[in-house]
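Engineer: Structure provided below as structure tokens; questions to follow.
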Amino acid sequence: MKALVCTMFTAIAAAVAMPVHAQFSKPEDAVRYRQSAFFLMGQQMGRINGQLRADKPNLQTIQSAAALLNAVDQAPYEGFGPGTETLKSRTKPELYRDGPKVRELAERMQAEVTKLDAAAKSGDLAAVRAAFGAVGQSCKACHDQYRTD
């Protein structure tokens, strides 16, 4: 029994210690995952943008979209694992060589998304507009350097 428990704990520890990219059975799965996460983020940005352009913005829609954006803004980065750099996507090869800079840009975007979520929760549409613009600029900074059109 003692050996079984020891084996179970060893297996659990090994599973927890595995790198995140191990969750994908193929690099193609990782690319689809990150593309889906980015798509979801883009949809939420579109929802917020649509409301900010409306005559009477629906604050509840903005809050919902900002919260969802804040919940998934880290998800895409798990899909940039080994083997994904050679697959067809809109990602430039430089992204895989500029790790620290990419991480910095991602963290900047995530910080701006957190501010957008807080602004949405406050109900202040002027603050939401400012924060939304900052998120857009942080996305654009990465797209300009690391995404093909």
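The values are calculated or read from the model by the stated rules, or taken from the named source; none is laboratory data. Since the model is a prediction, treat every value here as computed from it, not as a measurement. Positions of Cβ are generated from backbone atoms using ideal geometry, with glycine treated the same way; all protein chains shown enter the neighbour counts. With ligands, DNA and RNA removed, areas are computed over all heavy atoms of the protein, side chains included. Shrake-Rupley method; radii C 1.70, N 1.55, O 1.52, S 1.80 Å.
Engineer: Given the condition modelled with pLDDT of 95 or more, surrounded by 13 or more Cβ atoms within 10 Å (Cβ to Cβ) and within 16 Å of the chain's Cα centre (by Cα), answer yes or no: does some residue in region 44-60 qualify?
Structural biologist: yes
Engineer: Of (1) open to solvent by less than 30 Å² (accessible area, probe 1.4 Å); (2) touching a residue at least 40 places away in the same chain (Cβ under 8 Å), residue 87 satisfies all except one. Which?
Structural biologist: (1)
Engineer: Okay, moving on. Output the helices (runs of 4 or more DSSP H) that fall wholly within region 42-149 and possess 3 or more residues being among the hydrophobic types (A, V, I, L, M, F, W, C), or say none.
Structural biologist: Here the list reads 59-72, 99-122, 125-146.
Per-residue answers, yes or no, for (1) under 19 Å from residue 70 (Cβ atoms); (2) without any contact (Cβ under 8 Å) to a residue 40 or more places away in the chain:
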position	(1), (2)
108	yes, yes
112	yes, yes
119	yes, no
125	yes, no
129	yes, no
139	yes, no
142	yes, no
147	no, no
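Engineer: Right, next: May I ask you to list the residues in region 94-144 that are out of contact with any helix residue (DSSP H, G or I) (no Cβ under 7 Å at 6 or more places or on another chain), polar (S, T, N, Q) and open to solvent by 60 Å² or more (accessible area, probe 1.4 Å)?
Structural biologist: 122, 137
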